[in-house]
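Working notes, beginning with the structure itself.
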Amino acid sequence: MWKNSEVIPPEYDLTKIKIPVAIINSANDGLSNPFDVEIVSRQLSNLIFRHEMPEKLTSHIDFLFHEPKKLVNTILPTNLIQLYGYPAENHTVVTDDGYIITLHRIPGGKTNKSQNGIPVLLLHGAWICSSTWVDNGEESWGFILADEGYDVWMGNFRDNSYTRQLVDDGTKDEIIGWDKLSVYEVPTIVDYVRNATGFNQILAIGYSMGTTSTFASLSVNEELNNKIKGFVALAPVSNFKYISSVGAKIAIFLIRKFPIIFKPLYKDSILPAKSVRRDFLLRLCPAIGHSSLCKLWFDYGSGYNPNSFNQTRLPIYLLHTVDTFPDRFLCHWAQGSSKMKMTGYDYGKKKNFENYNQATPIEYDLTKIKIPVAIIYSANDVFSSPIDVEIISRQLSNLIYKQLLPGELITHLDFLFHEPKKLINTILPVLSSMWNKN
């Protein structure tokens, strides 16, 4: 510490900083000069990420108020993982229909960086992405599982920030169902993780739509049942028949009642998340100063819980977690809201033959799923209804664990962001049992 009696102030030796550091700067910053940034950078022994903003006129104050979403998007999940002291890797895989999927990996824990852990694949829900699993600080699913010794892999689904179409063949504007994810993404990602780790089988955890696509894939892909050792379904959804979300009910009613009017929606031309939804949220919560107002958006979408997630992390949730999603999948959910079973998208008789080799959509028979399955759900979940969960449960021949979370106010998003450590601690023995089961 500098004492008043000392003539020369102390020098701050930045080489003594051992934690991971990321630096983002601008050439037009009058206070943070690029030369100063270079001097700082050279002293940092653990500089894991450095990025100069491409906009030549970005000023010092622009880092806070001028399109902050662009700034946040420069920080990849792997950068965020490394900032918390964990090893991180990016991987890419291409689906058979030409989508490049980026996978994010945490091969070891913060202290135990051994890369021989059991691989566990995390599959996200709708309108979010792989960063969901690391956006809750140290209390994130990805970090907690890595510290427990698992080799954590986080997948992505088509049309979010971490996927792109290899060749634009015109199919991006076609009306398709979410079952494309079960045909392409799920089996492709599982195979990649198996090959990359050398394990013949892996564990999988799905949330919301991640459960829907995995259930569908397992029910029609017998080989996949030999590749996934066990599956944990968080807030599972099989169809939208029993949802209680007012917003979703209104959207489904309008889509079914006025299909011609809403046809552009199916082609992703009305509600692109990055250009509309996220910008709207940023204007609704200027500088993220009105956290209670911002939280209303999440409450409206997933259910109300006054003691829900940490509101101080709303900037991350709004700017990093919320992502693009094929709005054309909504028409599939609208169809499912009138059915008791999970089915493929009904394209009409002619296209059904092209996609399913039959006049009607395929039915996903969950009784054909042979691997051990665990289900975690909540009575207050507006998307994963207890009735829907019961319908799913009765079809699963190898349901080894089912838990209704005790909190009466636990919402759909709380599975990710509200004290996940407690939830993970309940499923760790389940994961172990699945892995050790013959």
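Where a number appears in this text, it was derived from the coordinates with a stated rule and is not lab data. Quick caveat, the model's predicted, so the values are computed rather than measured. Neighbour counts run over all protein chains shown; Cβ positions are idealised from the backbone, glycine included.
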*Pairwise FRET efficiency - N438 versus I61, Cβ, R0 = 45 Å, nearest 0.05*: 0.15
*Is the shape of segment 14-64 rounded, prolate or oblate, going by the alpha carbon gyration tensor and its root eigenvalues a ≥ b ≥ c, with a/c under 1.5 for rounded and a/b larger than b/c for prolate?*
prolate
_Under 5 Å between amide hydrogens, which residues at least 5 positions from L122 or on another chain qualify, with H placed 1.01 Å from N in the peptide plane?_
W153, M154, G155, I205
*asked:* Per residue of segment 132-146, what does 6.51 cos²θ - 1.76 cosθ + 1.60 with θ = phi - 60° give for ³J(HN,Hα)? Whole Hz please, x for Gly and Pro, Karplus curve as stated.
replied: 3, 7, 9, 8, 9, x, 5, 8, 10, 3, x, 5, 5, 5, 5
*Using modelled amide H (1.01 Å from N, peptide plane; none on Pro or chain starts), what sits under 5 Å from the amide H of T343, excluding residues fewer than 5 places away?*
Y364
*At a Förster radius of 30 Å, what calculated FRET efficiency corresponds to the Cβ-Cβ distance of N226 and T426, to the nearest 0.05?*
0.65
*asked:* Starting from the 7 Å offset along Cα-to-Cβ, what nm value, one decimal, do you get for the label separation of R164 and L31?
replied: 3.4
*For V120, what charge total do you get from the other residues with a beta carbon under 10 Å from its beta carbon, if Lys and Arg give +1 and Asp and Glu give -1?*
-1
_Can you tally the net charge around I101? Count Lys and Arg as +1, Asp and Glu as -1, for every other residue whose Cβ sits under 10 Å from the Cβ of I101._
+1
_In order through segment 220-227: 3J(HN,Hα) via Karplus (6.51 cos²θ - 1.76 cosθ + 1.60), integer Hz, x for Gly, Pro_ = 10, 10, 4, 5, 5, 5, 8, 9
_Calculated FRET efficiency for the pair V40/K368, C-beta based, R₀ 60 Å, to 0.05_ = 0.55
*Local charge sum around I427 (other residues, Cβ-Cβ under 12 Å, Lys/Arg +1, Asp/Glu -1)?*
+2
*Any of K241/K368; K368/K421; K249/K421; K110/K402; K341/K402 with alpha carbons more than 26 Å apart? Name them for me.*
K368/K421; K249/K421; K110/K402
_List the residues, sorted by chain then number, that are 5 or more residues from G230 or on another chain and whose placed amide H is less than 5 Å from its amide H._
A204
*Roughly what would the spin-label model give for R256 and A379, points 7 Å off Cα along C-beta, in nm?*
2.7
*Using the Karplus curve 6.51 cos²θ - 1.76 cosθ + 1.60 with θ = phi - 60°, work out ³J(HN,Hα) for each residue of segment 89-95 in order, rounded to whole Hz, and write x for Gly and Pro.*
9, 9, 9, 10, 9, 10, 6
